[in-house]
Amino acid sequence: GDSVVLIAGGVGVTPMMSVIRYLTDRSWRGDIYFFFTVRNEENIIFREEIEYLEKRYPNLHVTILLDMAGSKPSYVTGRISKEILAARVPEIHRRRIHICGPPPMMDAVKGMLLELNVPADNIKTEVFAGKLPPPKAVPQTTQEAAKTSVATFARSKTTGVMPPQKTVLEASEDVGVNIAYSCRVGTCGIC
């Protein structure tokens, strides 16, 4: 296609950033319309990178929507609406659209897009799902202890125990190492 519309809510920005990076790395000439809706400025994940890419690539059209007013005039206060989508994406009905975020937000946006005559086949969604298995409550056997490994966190040069039932994120927290994360279930890829 000659354009794409990316609509993200919260940590749903993760796959959208992958798309934006891919397209801008290849100097793709199509228009990229990117909508990112979050609670407030502190929740703008990838903020510096988004601002950098927006300045560097004139075909990247960014709209950041905040539930609470932000410090920049370019931020839109309020939730995404079909009026905002129609005003900021010319001929939205002919574009391919990708949505990722909380299920209620995705359902609402899909409804708006259908009202704007976007064909259902042009609307793609990605859902973060899954849960970590519950931690084992039984004491470790000798065999389980043998499976335990060690994780070394390069930047802090800190080492921690990595039992089989723990994630890398949990092991980092056990030893006081702060690593970036968003989903806690291993699907967003940030940690």
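The values are calculated or read from the model by the stated rules, or taken from the named source; none is laboratory data. From a predicted model like this one, the values you see are computed outputs, not experimental measurements. Cβ placement follows ideal geometry from the backbone for every residue including glycine, while neighbour counts extend to all protein chains displayed. The area values use the complete protein model at the heavy-atom level, side chains included, leaving out ligands, DNA and RNA. Shrake-Rupley method; radii C 1.70, N 1.55, O 1.52, S 1.80 Å.
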Tell me, which residue of the range 130-169 that is open to solvent by less than 90 Å² (accessible area, probe 1.4 Å) and at pLDDT below 75 is nearest to PRO103 (Cα to Cα)? GLY130
Looking at the range 3-24, can you tell me whether even one residue there is free of Cβ contacts under 8 Å to residues at least 60 places away in the same chain and either at positive phi or assigned to a strand (DSSP E or B) (or both)? no
Those residues that are buried (at least 16 other Cβ atoms within 10 Å of the Cβ) and assigned to a helix (DSSP H, G or I), I need them from the range 89-129; list them, please. ILE92, MET105, MET106, ALA108, VAL109, LYS110, MET112, LEU113, ASN122
Check ILE84, ILE80 and return the single one that is assigned to a loop (DSSP other than H, G, I, E, B), touching a Leu at 6+ places or on another chain (Cβ under 9 Å) and either open to solvent by less than 30 Å² (accessible area, probe 1.4 Å) or not polar (S, T, N, Q) (or both). ILE80
Output the residues belonging to the range 65-77 that are touching an Asp or Glu at 6+ places or on another chain (Cβ under 7 Å) and either in a loop (DSSP other than H, G, I, E, B) or free of Cβ contacts under 8 Å to residues at least 24 places away in the same chain (or both). GLY70, SER71
